[in-house]
Amino acid sequence: MKPYELTIAQAMEKMATGELTAVELTESCLGRIEEVDKKLRAFIRIDSEGALNQALRADKKRSEGRGGSLCGIPLSVKDLLCTKNLKTTCGSKVLENYIPPYDATVVEKIKKEDGVILGKVAMDEFAMGSTSETCVFGIPQNPYRKGHIAGGSSGGSAVSVASLECLGSLGSDTGGSVRQPASLCGVVGMKPTYGRVSRYGLTAFASSLDQVGPLSRDVTDCAILMNVVSGYDGKDSTSVQKSTPDFTLSLKKGLDGIRVGIPDEYFDRGLDQEVEQVVQNGIEVLREGGAEIVTISLPHTEYCVAVYYIIASSEASSNLARYDGALYGYRDLQADSLIDMYKQTRSKGFGAEVKRRILIGTYALSSGYYDAYYKKASQVRTLILGDYKEAFEKCDILVSPVTPTPAWRIGEKSADPLAMYLSDILTISANLAGIPGMSVPGGFTRDGLPVGIQLQGNHFREEKLIQTAFHLEQEINLGKVELDI
Amino acid sequence: MKITQKELQHVAHLARLTLSDEELVAMRGQLDNILSYIDKLGELDTSGIKPTTHVFSVNNAFREDKVTESLPRDKSLANAPQHNGESFQVPKII
């Protein structure tokens, strides 16, 4: 077994016994990146020198008995989380040369625990997309099938973990951007409860929905990463003052007393048959494991895409106003008046999808349309929250597909934004309600494409998700499907 | 179409974007599609329902009014497209 094939838990053990050093592990991952990333394009930026220095420091700290909980573990970070002195572009021309003078809180936490940051990974421009195709620095490829999407917007994160380039990754999830690529690339992804993880230093897309979350090779590693990134942060005004449990304690709890709700509306027409089979198999595994299975209704599911694209776009139109060319980022230097500088900078700096969402948001918030769009959507959001509230009186977690289909071909939906938006229908509601959601590998299609199972829980019930996901991971036989690299 | 060309140009101006003729046509078609889909929300009677703008009720998050270290000037200016070593430079405003 090569070092880069290890999970975080396995690598920590080997390093603790002295069988492996952080430098060896980091070199192994950098070698793997060198070997496969030209084809996969997960990484936008590789920081070999920085990574090796961090690894050296980690080895030293471990030898002194001062190593943190990720001591020497090589990770990748989505390119919208600020990394001090390391370019952070959000996959956009606007931030092509932006070098943050500070670390995002989650990055600081990784560093504090002596994790090793290998580099920054690809994403849809400003996290707006479901495929990572709008990244201006190259499109990541699904490691299980050439020419297929990695999913998005945290596509680079999912690919880097699935293709064994790193042991884990930090992504962000505004409408499914951690769970969906995790599902399509066959890794574990968690969107924590809104407010559980600090958003400080996470480039804002839709502030009432954005949440940082880990992607990992297995559920144990997900729990380890959740332990590190969670917690109140005074620098994020929406951070919730809640103590962080030890998520690894939930792993081996079994299913005793867990009530599993199956949301009827998530199995509607349009759901791919093979995806449905994988999820039904997962439900059987839970039933056999002793969980009580109940059918649940989330009647406003069909409205969530409309609500999401108003709210997310409205918030984005406001958040992205800061990219005006004045203080940092790209500026069109030909402009000779201030307003012209704003307009030319933004028109040349943003890609089509970002412009589209800024326009939808500006329209929805503009005088005369506010009530019909933004207010209406915010009211329906209340109804969606109500659906969940009722559901969680009857069950502890909800089990469903993550996406209606497996990964599709690159380019297949790029010409039809609405079709693309509709593919997010099963992940969006969790963000609107602020609840935690998770994707755990459930199986493969006959063609060898990964299919994930989605778990959703009530606010701050991530432990239940980890508990259930661990059981699924132990009991589902995924078979052996080779990467297509 | 739900949105006229003039309206779209107005919205683009509000968002400080300039759209080429080609973009204007494509964007208008796509926006029309999306806004028509969004009309679905009209099926729901939401009278009397309180809007949710934030999942948890947010109050002002105060911190102690204490002086802490701030970013030094050179670091603040480091990412500026144009500066003179002391301040950010932009095209003439007045």
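The values are calculated or read from the model by the stated rules, or taken from the named source; none is laboratory data. This is a predicted model, so every value here is computed, not measured. Glycine gets a Cβ as well: all are built from the backbone with ideal geometry, and neighbour counts include every protein chain shown.
Here A:Tyr144 fulfils each of the conditions (1) assigned to a loop (DSSP other than H, G, I, E, B); (2) surrounded by fewer than 24 Cβ atoms within 10 Å (Cβ to Cβ) apart from (2). For the subset of the range A:405-418 comprising residues that are within 14 Å of chain B (Cβ to nearest Cβ) and over 16 Å from A:Ile360 (Cβ atoms), which member is surrounded by the fewest Cβ atoms within 10 Å (Cβ to Cβ)? Checking each candidate, the answer is A:Ala415.
Is one or more of the residues making up the range A:443-456 over 22 Å from A:Tyr266 (Cα atoms) and touching a Ser or Thr at 6+ places or on another chain (Cβ under 9 Å)? No, there is no match, as no residue in the range A:443-456 is over 22 Å from A:Tyr266 (Cα atoms) and touching a Ser or Thr at 6+ places or on another chain (Cβ under 9 Å).
The set of residues in the range A:348-368 being surrounded by 17 or more Cβ atoms within 10 Å (Cβ to Cβ) and of a type in the set (Gly, Ala, Ser) consists of A:Gly349, A:Gly351, A:Gly361, A:Ala364, A:Ser366.
Taking A:Ser208, is it surrounded by fewer than 24 Cβ atoms within 10 Å (Cβ to Cβ) and not in a helix (DSSP H, G or I)? It is true that A:Ser208 is surrounded by fewer than 24 Cβ atoms within 10 Å (Cβ to Cβ) and not in a helix (DSSP H, G or I).
Taken over the range A:348-371, the criterion of being at the interface with chain B (Cβ under 7 Å from one of its Cβ atoms) and not aliphatic (A, V, I, L, M) is satisfied by A:Lys355, A:Arg356, A:Thr362, A:Tyr363, A:Ser366. Determine whether A:Leu298 is modelled with pLDDT under 95 and not in a helix (DSSP H, G or I). No. Only residues that are farther than 16 Å from A:Tyr374 by Cβ, at the interface with chain A (Cβ under 7 Å from one of its Cβ atoms) and in a loop (DSSP other than H, G, I, E, B) were counted in the range B:28-56, giving 2. When each of A:Ser250, A:Ser317, A:Ser297, A:Ser313 is tested for being under 23 Å from the mean Cα position of the chain (by Cα), of a type outside the set (A, V, I, L, M, F, W, C) and more than 14 Å from chain B (Cβ to nearest Cβ), the lone residue that passes is A:Ser250.
When A:Met128 is tested against (1) away from chain B (no Cβ under 14 Å); (2) surrounded by 24 or more Cβ atoms within 10 Å (Cβ to Cβ), only condition (1) is not met. Restricting A:Ala162, A:Ala158 to residues that are in contact with a strand residue (DSSP E or B) (Cβ under 6 Å, 6 or more places away or on another chain) and more than 18 Å from A:Ser207 (Cα to Cα) narrows the list to A:Ala158.
Yes/no per residue for (1) within 30 Å of A:Gly257 (Cβ to Cβ); (2) modelled with pLDDT of 95 or more:
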{"position": "A:Asp336", "(1), (2)": "no, no"}
{"position": "A:Tyr363", "(1), (2)": "no, yes"}
{"position": "A:Ser367", "(1), (2)": "no, no"}
{"position": "A:Tyr370", "(1), (2)": "no, no"}
{"position": "A:Lys375", "(1), (2)": "no, yes"}
{"position": "A:Asp396", "(1), (2)": "yes, yes"}
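Within the range A:240-280, restricting attention to residues that are of a type in the set (Ser, Thr, Tyr) and in contact with a strand residue (DSSP E or B) (Cβ under 8 Å, 6 or more places away or on another chain), the residue that is farthest from A:Tyr303 (Cα to Cα) is A:Thr244.
Those residues that are closer than 26 Å to A:Asn142 by Cα and in a helix (DSSP H, G or I), I need them from the range A:466-485; list them, please. Residues satisfying the conditions are A:Ile466, A:Ala469, A:Phe470, A:Leu472, A:Glu473, A:Gln474, A:Glu475. The number of residues in the range A:122-179 that are farther than 20 Å from A:Pro404 by Cβ and among the β-branched types (Val, Ile, Thr) comes to 5. Within the range A:372-399, if we keep just the residues that are more than 10 Å from every other protein chain (Cβ to nearest Cβ) and part of a helix (DSSP H, G or I), the residue that is surrounded by the most Cβ atoms within 10 Å (Cβ to Cβ) turns out to be A:Tyr388. One residue stands out among those in the range A:448-482 that are closer than 25 Å to A:Val36 by Cβ and at pLDDT 95 or above: the one that is surrounded by the fewest Cβ atoms within 10 Å (Cβ to Cβ), which is A:Gly448. Checking B:Ser57, B:Ser47, B:Ser70, B:Ser20 one by one, the residue that is under 21 Å from the mean Cα position of the chain (by Cα) and exposed (fewer than 13 other Cβ atoms within 10 Å of the Cβ) is B:Ser20 and no other.
Scanning the range A:97-125 for residues that are hydrophobic (A, V, I, L, M, F, W, C) and either buried (at least 24 other Cβ atoms within 10 Å of the Cβ) or modelled with pLDDT under 95 (or both) returns A:Ala104, A:Val106, A:Val107, A:Ile110, A:Val116, A:Leu118, A:Val121, A:Ala122, A:Met123. Against the conditions (1) more than 7 Å from chain A (Cβ to nearest Cβ); (2) more than 30 Å from A:Thr193 (Cβ to Cβ); (3) exposed (fewer than 15 other Cβ atoms within 10 Å of the Cβ); (4) not hydrophobic (A, V, I, L, M, F, W, C), B:Glu7 satisfies every one except (3). Selection within the range A:329-347: residues that are buried (at least 23 other Cβ atoms within 10 Å of the Cβ) and within 27 Å of the chain's Cα centre (by Cα). The member of this set that is nearest to the other protein chains (Cβ to nearest Cβ) is A:Arg346.
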